[in-house]
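Please treat every number below as a calculation from the coordinates, not as lab data. In this text, all values refer to a predicted model and were calculated from it rather than measured experimentally. FYI the Cβ positions are ideal-geometry reconstructions off the backbone, even for glycines, and counts take in every protein chain you see.
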Amino acid sequence: MSIKQAAKEFVQAHKPSRIDVDHITKGFGSIEGYLYAEGQSTGEGGRYVEVGGFDSISGNPVIIEWYEESEEI
């Protein structure tokens, strides 16, 4: 998946009351910028972030993963 797709999934994985897209955009320039800055390496050419269970719409932790060669910020 590309970082743009990951950004969309990242926002959709959150409960609406648990994510402030405007705040993230002001601090990082975009959701993609946040993912690029805060994402961790998978060790296999990819990166990921975790949405904690308290914040996720499902109530379970959600891992959002993308591949670095797809990054276009």
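For the chain, the mean residue ellipticity at 222 nm estimated from helices alone is -10500 deg cm²/dmol, where every DSSP H run of n ≥ 4 contributes -39500 (n - 2.57) and the total is divided by all residues, rounded to the nearest 500. Annotation: amide H of residue 57 within the under-5 Å range of 14, 15, sequence separation 5 or more or interchain, hydrogens built in the peptide plane. Give me the percent of Cα-Cα pairs in the chain that sit more than 20 Å apart, rounded to a whole number. The answer is 24 percent, as a whole percent.
For residue 42, the amide hydrogen comes within under 5 Å of the amide hydrogens of 47, 48, counting only partners 5 or more places away or on other chains and with H modelled in the peptide plane.
I need the calculated FRET efficiency for the pair residue 42 and residue 12, taking r as the beta carbon distance and R₀ as 30 Å, to the nearest 0.05.
On the way: r = 21 Å, r/R0 = 0.70.
In this case the efficiency is close to 0.90.
Put a plus charge on the Cβ of each Lys and Arg, a minus charge on the Cβ of each Asp and Glu, and nothing anywhere else: the dipole of the chain about its Cα centre is then about 320 debye. Qualifying GluC sites (Glu not before Pro) in the chain, where qualification requires a DSSP coil assignment and no more than 14 other C-beta atoms within 10 Å, comprise 44, 72. You can think of it this way: the chain between residue 26 and residue 63 has 10.9 nm of extra reach, that is 0.36 nm per residue less the Cα-Cα gap.
Picking from 37, 13, 2, whose Cα lies most toward the positive end of the charge dipole for the chain (charges on Cβ: Lys, Arg +1; Asp, Glu -1)? Farthest towards the positive pole: 13.
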